[in-house]
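See structure below.
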Amino acid sequence: MQRASRLRRELQLLATEPPPGITCWQDAHTDDLRAQILGGADTPYEKGVFKLEVVIPERYPFEPPQIRFLTPIYHPNIDSAGRICLDILKLPPKGAWRPSLSIATVLTSIQLLMSEPNPDDPLVADVVSICPPGSPRRWTLPCKSCCFPLTLPLISSQSSEFKYNKPVFLRNARQWTEKHARPRQEVRCSCGPDLAAATSPDVRKCLPGLPDGFRPPEQLIDARRLRPSDHSAK
């Protein structure tokens, strides 16, 4: 009962007074929540729309919500499965969750973490995260299962990139944002949807002002087959 009433109040507040750049709603098909966070200005996530899954445990608010990114993001505190390294998402003594905290507070903290990564607390500990640029390309470790040293290839982690080669980190994060988090622009035709089968010159006759390099099969949404003759007749 406490979980349901608390959740109802929080969702109502999120709907009427959402934090800037954050939305959260009940998923239509499950009991879980969905959230969106807009990438902050002057960050590599700017203009990105990042979707998150919010699972509310039965003992909420005495247990923290379980939140993960559904949109891939290049970030030292978020892994490839979308899991987030944030203290308020864990119970004490290792974490800092308190029943007085709310979903809005957690989402705002995640938004802040996106703007201010913490490379000293990466989600996945990596032995190469302590290696600055210029280190040997291979790293030798003692193998626990035998008496011979184990030589591993040196692979830079996101945390080491952020600390020692920030321009590379920023470039990679922007590329991921462009690829995964930028909403695709819908292009529609007055003749009806789906021009994917038409040739590029035919599309331009129907939709003047399209940018150079426009490729109909990849960039058009909701298409209805349109014969070139339909355009040439205009």
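Please state which of the following conditions residue 80 fails to meet, knowing it meets all the rest: (1) farther than 28 Å from residue 6 by Cβ; (2) among the polar types (S, T, N, Q); (3) crowded, with 16+ Cβ neighbours inside 10 Å.
Here residue 80 meets the rest and fails (3).
Scan the stretch 106-129 and tell me whether some residue there is farther than 28 Å from residue 168 by Cα and open to solvent by 60 Å² or more (accessible area, probe 1.4 Å).
no
When you look at residue 72, is it over 11 Å from the mean Cα position of the chain (by Cα) and either in a loop (DSSP other than H, G, I, E, B) or of a type in the set (A, V, I, L, M, F, W, C) (or both), yes or no?
Taking the combined requirement at face value, the residue does not satisfy it.
Give just the number: which of (1) closer than 17 Å to residue 117 by Cβ; (2) modelled with pLDDT of 95 or more does residue 76 not satisfy?
(2)
Taking the stated definitions as given, is residue 43 more than 23 Å from residue 10 (Cβ to Cβ) and outside any strand (DSSP E or B)? Working first, answer last.
On the way: more than 23 Å from residue 10 (Cβ to Cβ): yes; outside any strand (DSSP E or B): yes.
Taking the combined requirement at face value, the residue satisfies it.
Can you work out which of the residues in the stretch 99-125 that are out of contact with any Asp or Glu (no Cβ under 6 Å at 6 or more places or on another chain) and of a type in the set (Gly, Ala, Ser) is modelled with the lowest pLDDT?
It comes out as 125.
The values are calculated or read from the model by the stated rules, or taken from the named source; none is laboratory data. All values reported here derive from a predicted model rather than from experimental measurement. Methodologically, a virtual Cβ is constructed for each residue, glycine included, from the backbone with ideal geometry; neighbour enumeration extends over all protein chains shown. These area figures cover heavy atoms from the full protein model, side chains too; ligands, DNA and RNA do not enter into them. Shrake-Rupley method; radii C 1.70, N 1.55, O 1.52, S 1.80 Å.
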